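A short worksheet on the structure shown next.
The values are calculated or read from the model by the stated rules, or taken from the named source; none is laboratory data. Just so it is clear, the structure is predicted and the values come from calculations on it, not from any experiment. Methodologically, a virtual Cβ is constructed for each residue, glycine included, from the backbone with ideal geometry; neighbour enumeration extends over all protein chains shown.
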């Protein structure tokens, strides 16, 4: 994969493979790598696709690693399906459409809409279906809420600002499970939920609030954005949005993260 990274970078520098210019002064993106997954980004021209196909053939001949095009998909932004199908035939891959799942996350979906969070809600409900709440002690249910239900949405929470409607629904599922009920039946809640979420020192059970968790994970990105100015993702965001909204406008206290 390191060899593919070097080859793609060399092809871009020589003009054989043309990446995507984020902005006039911003970086040019030609590929993104994660483990053995590769995401190629570039200009929508037939010559660019032909050169990419030739480069992948050379990679196969030199490394012995063959690209599985039957598992690869091509996506076009602002391009009709006929043109996408034509370009996909050059690479002998499938034609994809938005939104799609990449590394377990939806790409191209509006995560501000509650309906796009349904997989997380279903994951909560499916997890509860495996447990027998009535056979568990109160302490056992608290442990499962902290260890499992509190961590299930962390991956999504670390990248998306969660709608309030979704947070309320997930908290409702946790609340019902704590008091020994199921999703269909309500049991009496002897203590208000906001008191349950407080720390043990303040009389609560130390169960973390999902809203607070989501906000804390979002603040981490703000801290990294201000501290890691040389990172590619920071440069991309700055090149797109800095002229419209400067980085200094992010409401982040200087005491957070040593900024």
Residue count, the range 66-78, condition surrounded by fewer than 13 Cβ atoms within 10 Å (Cβ to Cβ) and in contact with a helix residue (DSSP H, G or I) (Cβ under 8 Å, 6 or more places away or on another chain), comes to 1
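So, in the range 29-52, exactly how many residues are out of contact with any helix residue (DSSP H, G or I) (no Cβ under 8 Å at 6 or more places or on another chain) and assigned to a strand (DSSP E or B)?
Summing the residues that are out of contact with any helix residue (DSSP H, G or I) (no Cβ under 8 Å at 6 or more places or on another chain) and assigned to a strand (DSSP E or B) in the range 29-52 gives 4.
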Selected residue [in contact with a helix residue (DSSP H, G or I) (Cβ under 8 Å, 6 or more places away or on another chain), in a loop (DSSP other than H, G, I, E, B) and either modelled with pLDDT of 90 or more or within 30 Å of residue 8 (Cβ to Cβ) (or both)] from 111, 55: 111
Please specify each residue of the range 4-20 satisfying the condition of being over 24 Å from residue 64 (Cα atoms) and out of contact with any strand residue (DSSP E or B) (no Cβ under 8 Å at 6 or more places or on another chain). 13, 14, 15, 18
Tell me, yes or no, whether the range 81-95 has at least one residue that is in contact (Cβ under 8 Å) with a residue 12 or more places away in the chain, assigned to a loop (DSSP other than H, G, I, E, B), closer than 30 Å to residue 51 by Cβ and in contact with a strand residue (DSSP E or B) (Cβ under 7 Å, 6 or more places away or on another chain). yes
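Per-residue answers, yes or no, for (1) in contact with a helix residue (DSSP H, G or I) (Cβ under 7 Å, 6 or more places away or on another chain); (2) more than 28 Å from residue 78 (Cβ to Cβ); (3) touching a residue at least 40 places away in the same chain (Cβ under 8 Å):
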| site | (1), (2), (3) |
| --- | --- |
| 98 | no, no, no |
| 116 | no, no, no |
| 126 | no, yes, no |
| 147 | no, yes, no |
| 156 | yes, no, yes |
| 161 | yes, no, yes |
